[in-house]
1. I need a count of the residues in region A:223-256 that are within 12 Å of another protein chain (Cβ to nearest Cβ), assigned to a loop (DSSP other than H, G, I, E, B) and surrounded by fewer than 21 Cβ atoms within 10 Å (Cβ to Cβ).
2. Being outside any loop (DSSP other than H, G, I, E, B), in contact with a Gly (Cβ under 8 Å, 6 or more places away or on another chain) and touching a residue at least 60 places away in the same chain (Cβ under 8 Å) is the filter here, so list the residues in region A:179-211 that pass it.
3. Does B:S74 satisfy the criteria of being outside the structural domain of B:R152 (by the TED database), out of contact with any Asp or Glu (no Cβ under 7 Å at 6 or more places or on another chain) and either of a type outside the set (F, W, Y) or at pLDDT below 80 (or both)?
4. Evaluate region A:173-188: report whether one residue or more is surrounded by 15 or more Cβ atoms within 10 Å (Cβ to Cβ) and farther than 30 Å from A:R317 by Cα.
5. Taking A:K87, is it not in a strand (DSSP E or B) and not hydrophobic (A, V, I, L, M, F, W, C)?
6. Looking at (1) surrounded by fewer than 21 Cβ atoms within 10 Å (Cβ to Cβ); (2) closer than 21 Å to B:W147 by Cα; (3) at the interface with another protein chain (Cβ under 7 Å from one of its Cβ atoms), find the lone condition where B:E117 falls short.
7. Among the residues in region A:374-391, are any under 30 Å from A:N48 (Cβ atoms), at pLDDT 90 or above, touching a strand residue (DSSP E or B) at 6+ places or on another chain (Cβ under 7 Å) and in the same structural domain as A:A65 (by TED's automatic domain parsing)?
8. Name every residue in region A:169-195 that is out of contact with any Phe, Trp or Tyr (no Cβ under 6 Å at 6 or more places or on another chain) and among the hydrophobic types (A, V, I, L, M, F, W, C), in order of residue number.
Amino acid sequence: MSSIAFKPFHGLRRSSAVPTPTSTTTTLYKPAVKFHVSAAKTSPKLSNRNLRVAIIGGGPAGGSAAETLAKAGIETFLIERKLDNCKPCGGAIPLCMVGEFDLPLDIIDRRVTKMKMISPSNIAVDIGQTLKPHEYIGMVRREVLDAYLRDRAKENGANVINGLFLKMDMPKHWDEPYVLHYTEYDGKKGAMGAKATLEVDAVIGADGANSRVAKAINAGDYDYAIAFQERIKIPDDKMVYYENLAEMYVGDDVSPDFYGWVFPKCDHVAVGTGTVTHKNDIKKFQLATRNRAKDKILGGKIIRVEAHPIPEHPRPRRLSGRVALVGDAAGYVTKCSGEGIYFAAKSGRMCAEAIVEGSQNGKKMVDEGDLRKYLEKWDKKYWPTYKVLDVLQKVFYRSNPAREAFVEMCADEYVQKMTFDSYLYKTVAPGNPLEDLKLAVNTIGSLVRANALRKEMEKLNV
Amino acid sequence: MASIAISASLQKACSSHHVAKKQHAQTKPAYSLGTKQAIDAVTIDVEGQKGFKIDEKDQPSPQINNSEGLEDKSANKLEIESSARKFSDERWKNGTWDLNMFVRNGRMDWDSVTVAEAKRRKYLEMYPETCSNQEPVQFRSSIVPCWAWFMRTYLPEAELLNGRAAMIGFFSAYVVDGLTGMDLIGQTGNFICKTALFMTVIGIVLLRKTRDFDNLRKLADEVTYYDKQWQASWKDETASSSDKTGNS
């Protein structure tokens, strides 16, 4: 057993580790006055107005939070800096999102029903045979999805403000409001915009990976991956191959700790890769990814190059006073697959629901305890999902033999079924115990074979 | 920058990764030669690739020299590049190993299948190839039976560990007998002795070298690292007001 030498995964990291949680609490800004905590029942009723909540950031997280709050009658302000933002993103949404968020089917550009996993030695495995006819992974354009969710929130009564959030004044006393400073872009005022302030009772920070709200509440930092993507327009005959197929390339040449992908978009493909530990070599990894897919994207023209950070784990502090973080700002991106859209939207909704409940539809003031209920609910519901994906990433992305074993195992029908079930419906479903045992045996077998081959490979090169 | 037409370089008939990169090098001097890139990205596993030996037709050293001479870009040099760079072996047909060619003395020689596959993977690690739909790789390592894997790779190590266990066992039996007077039969009946025996066996299997101890400790840290990052939000809560109910 010890012959399978486990090289520790974060030995690969070049940068320094995240500071331990205990140290962050001592170095963080402590509020001058301890918040008076009481159960929601004894919170004061708001006499002459409804609760005011501001949401910074109008992506999926902000949009769904705004909709939930506005529907409950709470005065909602959604501050978004660029209403037509075309975000760099994989753009994959699971099936359950369409149902849960009542998305119209026309915002889905493509339905991916087949995936190809390609190992470092080009062993290609097709997955997706176990999908039922109505199941698919939806590919969307972010600008279309974000705009739809925002517009729906507006229809329900939210105030959508085109502005850039600058900073936030913390209340000195517990019943004072938060004062937000932002630059409003109004067309009339020209490109520079005008400074404006807004007083609200609670704030939801949905402004993404470089969140300013997170900085304002000293939420701490997280490790992040860089995802680099090129949109390539390929000839129509080659596009037919990618009609409803997405590809995933694994290998040290493509990424040391993530994967390279070819995802079909509306009329072009997105070829990209990502990494946490070797960010400086991202261009090399991108070239390697393009090389691996060369035959299939031959004759293509690059129409856009983009990159964005992907959080690797939640920030140390996701909540402070009546300010909560959701979505990428909180760091809710899964490992292994790097999926964030669904979790952003869901966390926005959950946080909004917690505020609605705690304030009894806007009649009472909320407090930190109410917002903490959202954290509790979130952690309880999705912790297993995140943990399983973390384990998968640590076991199967650590070296080329592990990746070969990973791709081999994906050929197994049971694995495919479990993977798609958990991805499409976002539940870690317990499978058949007998099949699980067989799967465990097969996993160990694959790892044993891959490591034996690696030993042979090492012998070839003394 | 956004509309760099890569059609020119991609449309080269041969799938030479190397040539395409050379085209790029003319427009963007920042990129170095193709081989260097492939090797740099793979630094984790590969050392001393110059000494790599493939006893089939291809030889890597002339290839690396060829790369320097690519400035001429003569057509036949291009062809040499492409045919030399792609992995080829007389026993590798249609994306899988032709098992009939591995029969020795009327019996299947799984060892050589293992070695051949290892060579292929090594080659691809150093010179990654494009994955094409026309020649998909069909080989699965599960075709080699499990006893073949054990015999080749794990048997010598198993022998070593068994030997160590036997020596330690004999020595401790001697010492315990000397100290407590319990003979071998009495020792095997005693619960403490049996527990000690169990822990010794585990120790020998897990701790082959001192390096393994560090590895195991790092592994334990790594397993719990992600959990700690998630629990950080709750650590903050227990430090503040007492009314709240603590969580995990």
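1. Of the residues in region A:223-256, 2 are within 12 Å of another protein chain (Cβ to nearest Cβ), assigned to a loop (DSSP other than H, G, I, E, B) and surrounded by fewer than 21 Cβ atoms within 10 Å (Cβ to Cβ).
2. A:Y182, A:I204, A:G205
3. So B:S74 fits the description; yes.
4. Among the residues of region A:173-188, at least one is surrounded by 15 or more Cβ atoms within 10 Å (Cβ to Cβ) and farther than 30 Å from A:R317 by Cα, which makes the answer yes.
5. The answer is yes for A:K87.
6. (1)
7. For region A:374-391, residues under 30 Å from A:N48 (Cβ atoms), at pLDDT 90 or above, touching a strand residue (DSSP E or B) at 6+ places or on another chain (Cβ under 7 Å) and in the same structural domain as A:A65 (by TED's automatic domain parsing): present.
8. Result: A:M170, A:V179, A:L180, A:A191, A:M192, A:A194.
The values are calculated or read from the model by the stated rules, or taken from the named source; none is laboratory data. Everything quoted here is computed from the prediction, not taken from an experiment. Methodologically, a virtual Cβ is constructed for each residue, glycine included, from the backbone with ideal geometry; neighbour enumeration extends over all protein chains shown.
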